[in-house]
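Structure first, then comments.
The values are calculated or read from the model by the stated rules, or taken from the named source; none is laboratory data. Just so it is clear, the structure is predicted and the values come from calculations on it, not from any experiment. A quick note on method: Cβ atoms are made from the backbone with ideal geometry, for glycine too, and the neighbour counts reach across all protein chains shown. With ligands, DNA and RNA removed, areas are computed over all heavy atoms of the protein, side chains included. Shrake-Rupley method; radii C 1.70, N 1.55, O 1.52, S 1.80 Å.
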Amino acid sequence: MPSYMDRVNAMTGRYTHAVVRGVPSSLAQEADGKIELARAQRESGVYCGILRQKLGLQVVELPPNEDLPRGQLTGDTAVVIADTALITRPWIPARRKETEGLQKLFEELKFRVFEITDENATIDASDILFTGTEIFVGLSKWTNLRGAEMVAKTYQDYAVSTVPVPDDLHLKSFCSMGGPDTLVIGSSDTAKKALKVMEQLTDHHYETLTVPDDPAANCIYARVGTKTNVLIHRSADEYPNSVQVFQKLTDYTLVPASCSEVSKIGGCLTACSILISRKVEI
């Protein structure tokens, strides 16, 4: 069972480590060849620099997996809440090397590690929204009801609710946490419907910050030190209207980051890393 401090650290966005994976050359073959590999590598390098320099995290860089072009989206491969890590779909042959590396890392960091062994259960962590008090699971092309049941079984200390997500989207394609008790949500009908479902399912009150662009609603909130609120968000080059909304958050340190290339394969900022909070050094 997560300790009180584990809950507090998770809820307030206090992190110590970030797990990222290098950009494989095979990524250039995705999205009908529209990916600019050099740009994807630059964006990944800038993102890792933000994690180190702006958030002060120890960044663990796993090597590229050429057999898994979308492997840079390492945030999709594991759900990490408090002291428990749930690795998704480890039986896929191309993911075996990736899974072994993650499991070893989590064990070194003294996590309780679980794997999805039911091949009928599908999960992408981009469908898992942990608010600090409960878990919302998007039922999507990528995550099914059996997968949601595995999440509930693994994290029995938290209420788990499911939210329908249409098309090729993930739940985090249009929402994320923007601070303790604050949801950042997009403006599309899909986002509005999902928010309404979440509000109906929870007894907890969340403040909402609505941005005009759904992809910009996927951002990363973190606390640095005792007072600094940091929000990593999509850049003004990508979504200038949404950045104007973020600029109203005068008590935040705003850090823009681009992920234009991985977005072509459905990726988002939160999918580019696994953020964890552990005191153990590796």
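Quick one: pull the percent of accessible area on region 126-282 belonging to carbon and sulfur, 1.4 Å probe, ligands and nucleic acids left out.
Working: 3370 of 6780 Å².
Carbon with sulfur: 50 percent of the solvent-accessible area.
Just need the Rg to Rh number for the chain, please, alpha carbons only, Kirkwood Rh.
Values: Rg = 17.3 Å, Rh = 18.7 Å.
Ratio of gyration radius to Kirkwood radius for the chain: 0.92.
Given Cβ point charges of +1 (Lys, Arg) and -1 (Asp, Glu) and nothing else, what value in debye, to the nearest 20, does the dipole of the chain about its Cα centre take?
I would put it at about 560 debye.
At most 14 other Cβ atoms within 10 Å and a DSSP loop assignment: could you name the GluC sites (Glu not before Pro) in region 236-282 that fit? Please report the intermediate quantities before stating the final value.
Numbers: sites: 238, 261, 281; in loops: 238, 261, 281.
Counting only loop positions with at most 14 other Cβ atoms within 10 Å, the GluC sites (Glu not before Pro) in region 236-282 are 281.
Mind grabbing the accessible area of residue 205 for me, 1.4 Å probe, Å², rounded to tens?
130
Could you list, in their original order, any pairs among 34/196; 141/196; 34/192; 153/227; 172/248 whose Cα atoms are separated by more than 24 Å? Numbers along the way, then the final one.
Values: 34/196 35 Å; 141/196 20 Å; 34/192 31 Å; 153/227 35 Å; 172/248 22 Å.
Among 34/196; 141/196; 34/192; 153/227; 172/248, the Cα-Cα distance tops 24 Å for 34/196; 34/192; 153/227.
Using a 1.4 Å probe, what is the accessible area per residue for region 59-181, in Å²?
Values: 4910 Å² over 123 residues.
It amounts to 40 Å² per residue over region 59-181.
With label points built 7 Å along Cα→Cβ from the Cα atoms of residue 199 and residue 247, find their separation and express it in nm.
Going from the residue 199 label point to the residue 247 one covers 2.8 nm.
Give me the dipole magnitude in Debye, nearest 20, for region 225-282 about the Cα centre, with unit charges on the beta carbon: positive for Lys and Arg, negative for Asp and Glu.
Working: 6 positive and 5 negative charges, 45 e Å.
Charge dipole of region 225-282: 220 debye, to the nearest 20.
Could you tell me which of rounded, prolate or oblate describes region 109-229, using a ≥ b ≥ c as the square roots of the eigenvalues of the alpha-carbon gyration tensor, with rounded for a/c under 1.5 and, failing that, prolate when a/b is larger than b/c and oblate otherwise? Could the numbers behind the result be given before it?
Working: a/c = 1.71, a/b = 1.18, b/c = 1.45.
In terms of gyration-tensor shape, oblate.
Most fluctuating residue of 26, 260, 176 in a GNM of the chain with Cα springs under 10 Å: which is it?
26
Only Cα pairs within less than 10 Å get springs; with that Gaussian network setup on the chain, which residue of 159, 28, 217 has the largest fluctuation?
159
Where a ≥ b ≥ c are the square roots of the eigenvalues of the C-alpha gyration tensor, would you call region 204-282 rounded, which needs a/c under 1.5, or, failing that, prolate if a/b is larger than b/c, or oblate? Walk me through the intermediate numbers first.
On the way: a/c = 1.79, a/b = 1.19, b/c = 1.51.
The shape class here is oblate.
Given axes a ≥ b ≥ c from the Cα gyration tensor, I'd like to know whether region 116-176 is rounded (a/c under 1.5), prolate (a/b larger than b/c) or oblate. All intermediate terms of the calculation are to be shown ahead of the outcome.
Values: a/c = 2.13, a/b = 1.07, b/c = 1.99.
The shape class here is oblate.
Quick one: ranking 177, 198 by accessible area, 1.4 Å probe, largest first, what do you get? Don't jump to the answer; show the numbers that get you there.
Details: 177 30, 198 5 Å².
Greatest to least solvent exposure: 177, 198.
Check which residues have an amide H placed less than 5 Å from residue 209's amide H, if you skip close sequence neighbours.
Correct list: 183, 184, 185.
Where is the GNM fluctuation largest for the chain (alpha-carbon springs, 10 angstrom cutoff): 62, 73, 249?
249
Estimate the FRET efficiency between residue 159 and residue 52 by the formula 1/(1 + (r/R0)^6), using the beta-carbon distance for r and 35 Å for R0, to the nearest 0.05. Don't skip to the answer; put the middle values down first.
Values: r = 34 Å, r/R0 = 0.99.
Efficiency, rounded to the nearest 0.05: 0.50.
Roughly how many nanometres apart are two label points built 7 Å out from the Cα toward the Cβ at residue 119 and residue 146?
1.0
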